[in-house]
Amino acid sequence: MRVVVVDDDKLVCVALKTILEAEKDISVVGTGHNGKEAIELYNNLKPDILLIDIRMETMTGLEAAESILTKDKQGKILFLTTFSDNEYIVKALRIGAKGYIIKQNFESIVPSLRAVFMGQSVFGDDIVSKIPSLISTNNKTDFSASGITEKELDIITLVAEGLSNKEIATRLYLSEGTVRNNISIILEKLSLRDRTQLAVFYYKNR
């Protein structure tokens, strides 16, 4: 996989490049040190994944990611930061980042990149535990107003609980293909991009 690394600490960039390129399936095709460079590198190099810090001068990683994902809905961005501030986590989820991991958990960087490359979303345990309380609200949403059926709401609920398509199929006595098709339909109905945004939508509106 082709990865662009952006961090305001140049030594961190060098270290990450060394660590990642020790893996046969990973190539670091570019490095940068602020959000503006991240956008330029992403547009010019079209990496499979952008691995980016959050707090940086000139433009933050969150601002860069939002700009990139507004234009490229399929973009894969993984945040790697020392900060687990609630506001950062919520923003990362809402703009559609594929993951948010903490630098101190360095051993998770390579597995996280591989998971994101395969289409999964990756959030460290310390981040996942915060999500429901961060994005829940007292506002209730009538899901049926968006054309969501009871069966689809059951699927949404299980997606929000972190179950895989196979696990959902077993729980609801459906085929895995049926679950996959239903999730695609649900995402289209709610104008959402992926399972992570669907989980955020559920917790925000339940």
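Of all residues in region 108-122, none satisfies being within 26 Å of Leu163 (Cα to Cα), at pLDDT below 90, among the charged types (D, E, K, R) and part of a helix (DSSP H, G or I). Looking across Met118, Met59, one residue alone is surrounded by fewer than 20 Cβ atoms within 10 Å (Cβ to Cβ) and under 13 Å from the mean Cα position of the chain (by Cα). It is Met118.
Within region 5-29, being under 19 Å from Ala97 (Cβ atoms) and not β-branched (Val, Ile, Thr) holds for Asp7, Asp8, Leu16, Leu20. Taking the criterion of being part of a loop (DSSP other than H, G, I, E, B) and either at pLDDT 90 or above or touching a Lys or Arg at 6+ places or on another chain (Cβ under 8 Å) (or both), the residues of region 123-138 that qualify are Ser136, Thr137. Examine region 142-155 for a residue that is modelled with pLDDT of 90 or more and assigned by TED's automatic domain parsing to the domain that holds Ala64, and state whether such a residue exists. No: region 142-155 contains no residue that is modelled with pLDDT of 90 or more and assigned by TED's automatic domain parsing to the domain that holds Ala64.
So that you can scan it fast, the table gives a plain yes or no per residue for (1) surrounded by 19 or more Cβ atoms within 10 Å (Cβ to Cβ); (2) within 15 Å of Val116 (Cβ to Cβ); (3) out of contact with any Gly (no Cβ under 7 Å at 6 or more places or on another chain); (4) not assigned by TED's automatic domain parsing to the domain that holds Leu192:
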site: Leu41; (1), (2), (3), (4): yes, no, no, yes
site: Lys46; (1), (2), (3), (4): no, no, yes, yes
site: Ala65; (1), (2), (3), (4): yes, yes, yes, yes
site: Thr70; (1), (2), (3), (4): no, no, yes, yes
site: Leu78; (1), (2), (3), (4): yes, yes, no, yes
site: Phe83; (1), (2), (3), (4): no, no, yes, yes
site: Arg94; (1), (2), (3), (4): no, no, yes, yes
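The values are calculated or read from the model by the stated rules, or taken from the named source; none is laboratory data. Model, not experiment: these values are computed from the prediction. Positions of Cβ are backbone-derived with ideal geometry, glycine not excepted, and every protein chain shown enters the neighbour counts.
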